[in-house]
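These notes are about the structure you will find just below.
The values are calculated or read from the model by the stated rules, or taken from the named source; none is laboratory data. Everything quoted here is computed from the prediction, not taken from an experiment. When we count neighbours, we look across all protein chains shown, and the Cβ atoms used for this are built from the backbone with ideal geometry, even at glycine.
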Amino acid sequence: MVGLGFLRWLRARVGRAAVHTTTVALPGGVRVRVGVAAPPPEATACALVLCLHHAWDTTKPVPRGLGARLLEALFEPGLRDLRAVLVAPDCPGARWSDPDVEAALLSLIAELRQRHRLAGDGVVLAGVSDGATAAWSFTCRHPAMVAAAVVIAGSPPPAWRAESSAPPIFAVHGRDDEVMPLAAVRTAIGLLRAHGVQADLQVVEGSAHDDLAAFVDPLRALVAPLRAIVSDRPRAGAPSAPERG
């Protein structure tokens, strides 16, 4: 008799893209270790999704393959149907907010777009926890480069400001997040909407800050709006979705 646990595992694995780890050499001698999941060769990738992992003990080097593990646990199962190239780098510095790290991410985006021959100028920037805080910040400083941002369990940094030039932003956050309170994210989404930006907030019930499994289904719900954005459908005047939860 087949156990229910095995059936759940099998359902999760069916159609899953393999996640592999590689190292990308960037100008200036910088080398970034990344986890990658891509559609099969016969499928045309519609976008590049850059996924930023959560924080770690910064007194030590970033754990090897931390980005790849995040990709396997959350972004690959959540965004599989987007048919995008998913890339999750290990932070190439002490923290995502370092200027040298941001410069490396800009170079990494340029290299990956060329390597995978992706059309369009924008990428989807996604992050979890401190990676989401970095995504809020990066999106604010480079709005023309980001087609959309997905911020999970992460609030904006103190210097963040809502601007009308911001790309669509989709937030997923636990109602009872014990590390980064929901209120700051809800306020930021409200400010974006006041500036006419497409902004959506999904509130997840009963999940801890680091409960990645609880965010997979909400992430799947974002595939359709993300596909509309990266497929270059008209965005002007697009209404914001109501807050769910």
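Only strands (runs of 3 or more DSSP E) whose full extent lies in region 101-194 are considered here, and the ones with at least 2 residues that are touching a residue at least 60 places away in the same chain (Cβ under 8 Å) are 123-128, 146-152.
Exactly one residue among Leu212, Leu191, Leu219 is of a type in the set (A, V, I, L, M), buried (at least 19 other Cβ atoms within 10 Å of the Cβ) and at pLDDT 95 or above, and that residue is Leu219.
With respect to the conditions (1) among the hydroxyl-bearing types (Ser, Thr, Tyr); (2) out of contact with any Lys or Arg (no Cβ under 9 Å at 6 or more places or on another chain); (3) closer than 24 Å to Leu219 by Cα, Thr21 falls short on a single one, namely (2). In region 54-100, the residue that is surrounded by the most Cβ atoms within 10 Å (Cβ to Cβ) out of those that are more than 19 Å from Ala132 (Cβ to Cβ) and within 17 Å of the chain's Cα centre (by Cα) is Val85.
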